[in-house]
1. So, of the residues in region 1-27 that are aromatic (Phe, Trp, Tyr) and part of a loop (DSSP other than H, G, I, E, B), which turns out to be modelled with the highest pLDDT?
2. Could you tell me which numbered condition Glu131 fails, if it satisfies all but one of (1) more than 16 Å from the chain's Cα centre (by Cα); (2) closer than 30 Å to Pro25 by Cα; (3) not hydroxyl-bearing (Ser, Thr, Tyr)?
3. Can you name the condition, by its number, that Leu213 falls short on among (1) buried (at least 22 other Cβ atoms within 10 Å of the Cβ); (2) over 28 Å from Asn72 (Cβ atoms)?
4. Among what's in region 242-255 and is of a type outside the set (Val, Ile, Thr) and within 12 Å of ligand 1 (Cβ to nearest atom), pick the residue that is nearest to Leu77 (Cα to Cα).
5. I need the full set of residues from region 112-130 which are modelled with pLDDT under 90 and among the hydrophobic types (A, V, I, L, M, F, W, C), in order please.
6. Considering only residues that are surrounded by 14 or more Cβ atoms within 10 Å (Cβ to Cβ) and farther than 17 Å from Phe293 by Cβ, which ones fall in region 140-153?
7. In region 152-181, how many are under 21 Å from Ile44 (Cα atoms) and in contact with a His (Cβ under 8 Å, 6 or more places away or on another chain)?
8. Restricting attention to region 261-278, and to residues there that are under 10 Å from the mean Cα position of the chain (by Cα) and farther than 14 Å from Val302 by Cα, which single residue is farthest from ligand 1 (Cβ to nearest atom)?
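The values are calculated or read from the model by the stated rules, or taken from the named source; none is laboratory data. Bear in mind the structure is a predicted one, so any value in this text is a computation, not a measurement. Note that we place each Cβ from the backbone using ideal geometry, even for glycine, and neighbour counts take in every protein chain shown.
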Amino acid sequence: MGRIPIFQWANEANPLSLTSKFILPQLNRPNPTCVSHLDSVPIIDMGTDNEAQLIQEIKSACQGFGFFQVVNHGIPLELCKNALDVNTKLFHLPYEEKSHLVTTTHLEDGKIFKYYVKDQQTQEKISMWAETFFHTWHPHDHGFTHNLPNNPPQYRSVIAAYATEVGSLIVKLLGLISRGLGLERDYLKTKLGQNLSYTAQANYYPPCPNPELTLGLPAHTDYNVLTILLQEEGVTGLHVLKDGNWVAVDPVPGALVVNVADQLQILSNDRYKSVYHRAVTNEEKKRVSLAMFVGPNHDTVVEPIEELIDENHPALYRRYTFGEFVREFRNQEGKPRKVKEVFKKY
Ligand code: OGA
Ligand code: NI
């Protein structure tokens with residue numbers, strides 16, 4: 001084995017120890033007494049025959065919460081389970097078997113990374129209590145799987161099948177979201193162009209001896225258009241900021257979590273909200289999640305949709321290419337990010 005990396009890596013046999021590397025400054029710590037389980041993000045049944053109502057429900061969730069869960073979404077539940085299982089197996093490999101996948105510098109296609117925040121006073125990196133496997137994907141061209149691990153052996157085929165299903169769900173959702181904005185069904189799909197960028201991250205949060213001192217993922221908004229998040233049942237870790245308070249997104253059996261990301265907020269001229277969310281750790285159980293993101297390609301020009309601008313609703317953001325936005329996002333690595341704000345006119 002090579003040099004011990006600056007961050008520690010967990011596996012089933014070797015739990016992480018809670019060293020100072022993981023302990024957040026007081027200000028950044030999750031305060032469990034401030035989290036509500038009473039309020040809940042909407043749970044939307046996509047199996048309904050009443051499409052007009054479905055469009056309304058999605059619209060109001062995008063306006064109010066920026067997050068919702070969908071059930072009867074059309075993706076076989078067995079496939080969802082397998083997609084989490086292969087990721088659990090990947091993260092549980094002994095360090096020697098996954099060390100070739102690990103990077104400690106920056107997020108890289110096909111690599112396992114640890115997110116961090118910077119202590120704003122000391123500029124020291126504080127590691128998240130998590131590992132993240134980041135990769136690109138595509139709904140139809142499964143060439144991307146060559147960049148995925150071949151151990152566990154089913155990893156590539158399961159993720160390829162899951163990618164195809166998520167691709168279809170995204171097309172459906174973009175259609176319903178377009179209709180909710182008063183636009184033609186294929187409006188957003190056309191607007192986003194041909195070569196969409198598809199990225200994914202599988203997150204592994206090992207049990208943590210003191211969840212009050214750590215985070216699994218710091219508060220952030222997703223920078224793409226839409227995120228489809230599959231989370232493990234029976235353990236809560238995702239929190240969403242609603243009216244200044246953290247709300248836990250308790251997993252619903254068979255559901256997928258959908259969230260509005262930055263580009264959709266900007267395209268909708270702030271009608272829809274890309275909201276802050278975070279992942280917390282817990283003492284007893286590990287937690288695995290799989291986030292599939294879709295965005296435009298880097299050359300695509302993004303600006304508020306013309307049809308949504310009038311005298312009373314002036315364009316709130318300037319034109320930019322998605323590549324510019326991603327560069328700004330990367331520039332803010334480790335800081336409390338405010339990326340949309342850089343492109344805001346007022
Ligand atoms: C993400 C994310 C939340 C979770 O991957 O962007 O917000 O519950 N994940 O793992
Ligand atoms: Ni996220």
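1. Among those residues, the one meeting the criterion is Trp9.
2. (1)
3. Against the list (1) buried (at least 22 other Cβ atoms within 10 Å of the Cβ); (2) over 28 Å from Asn72 (Cβ atoms), Leu213 comes up short only on (1).
4. Pro251
5. Across region 112-130, the qualifying residue is only Val117.
6. His142, Thr145, Pro149, Pro152
7. 2
8. It comes out as Arg278.
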